[in-house]
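The values are calculated or read from the model by the stated rules, or taken from the named source; none is laboratory data. In this text the structure is predicted, and so the values were computed from the model without any measurement. Here the Cβ is made from the backbone with ideal geometry for all residues, glycine too, and neighbour counts use every protein chain on show. These accessible areas exclude ligands, DNA and RNA; they are computed on the full protein's heavy atoms, side chains included. Shrake-Rupley method; radii C 1.70, N 1.55, O 1.52, S 1.80 Å.
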Amino acid sequence: MVTVQITDGPSYQVTWFPGMNGQSALESVYNSSNHGNFTFSLQYYGSELGYLVDMINETYDTFISKYEPYFFWEFLINGVEVKTGIDSTPINDGDKITFQFIVYNSKMHQNNMLHEKYKLKKLMISAN
């Protein structure tokens, strides 16, 4: 079994299977009969990052603008921040996957996935 925890929200148990990754764990929650109104949205951030979560249960990442703070979904496995996209992060039987909606801080997050996500979101906005 794998636990999928939404910080300050519901927790779900899904059956682990060989080859499971973060994305298929979310899809398993969505496809289960006990998911309630669970929704999620992914966005592709290129080959280096892959797919990242942009929305869970109608709570979206912040759109990058001149106004701060910015809020993003962070992906953790067994309490450790993940350094790859959810489509390329393997999940093991017994893992606890956590998605937490946190305030982005450029100093605190300068060497992690949230900083890369922020940079790409900012680049997408400036390209338009």
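What are the residues in segment 1-18 that are closer than 25 Å to residue 44 by Cβ, free of Cβ contacts under 8 Å to residues at least 60 places away in the same chain and surrounded by fewer than 17 Cβ atoms within 10 Å (Cβ to Cβ), if any?
Selection gives 9, 17, 18.
Pull out all pairs, ordered by first then second residue, where Cβ-Cβ is under 6 Å, the residues are six or more apart or on different chains, the first lies in segment 82-98 and is within 18 Å of residue 11 (Cβ to Cβ), and the second is open to solvent by less than 90 Å² (accessible area, probe 1.4 Å) and of a type in the set (Gly, Ala, Ser).
That search, which allows pairs on different chains as well, returns 86/22; 91/25; 97/25.
For segment 37-61, which positions are assigned to a strand (DSSP E or B) and either among the hydrophobic types (A, V, I, L, M, F, W, C) or open to solvent by less than 20 Å² (accessible area, probe 1.4 Å) (or both)? Steps first, answer last, please.
Let us first name the residues in segment 37-61 that are assigned to a strand (DSSP E or B), namely 40-44, 51-56, 59-60.
If the condition is that a residue be assigned to a strand (DSSP E or B) and either among the hydrophobic types (A, V, I, L, M, F, W, C) or open to solvent by less than 20 Å² (accessible area, probe 1.4 Å) (or both), then 40, 42, 52, 53, 54, 55, 56 are the ones that fit.
Do we have any residue at all in segment 102-118 that's modelled with pLDDT of 80 or more, open to solvent by 80 Å² or more (accessible area, probe 1.4 Å) and under 19 Å from residue 5 (Cβ atoms)?
For segment 102-118, residues modelled with pLDDT of 80 or more, open to solvent by 80 Å² or more (accessible area, probe 1.4 Å) and under 19 Å from residue 5 (Cβ atoms): absent.
Looking only at segment 7-36, which residues are assigned to a loop (DSSP other than H, G, I, E, B) and under 12 Å from the mean Cα position of the chain (by Cα)? If you could, list the steps in order and put the result at the bottom.
Of the residues in segment 7-36, the ones assigned to a loop (DSSP other than H, G, I, E, B) are 7-10, 15-20, 32-36.
Result: 7, single match.
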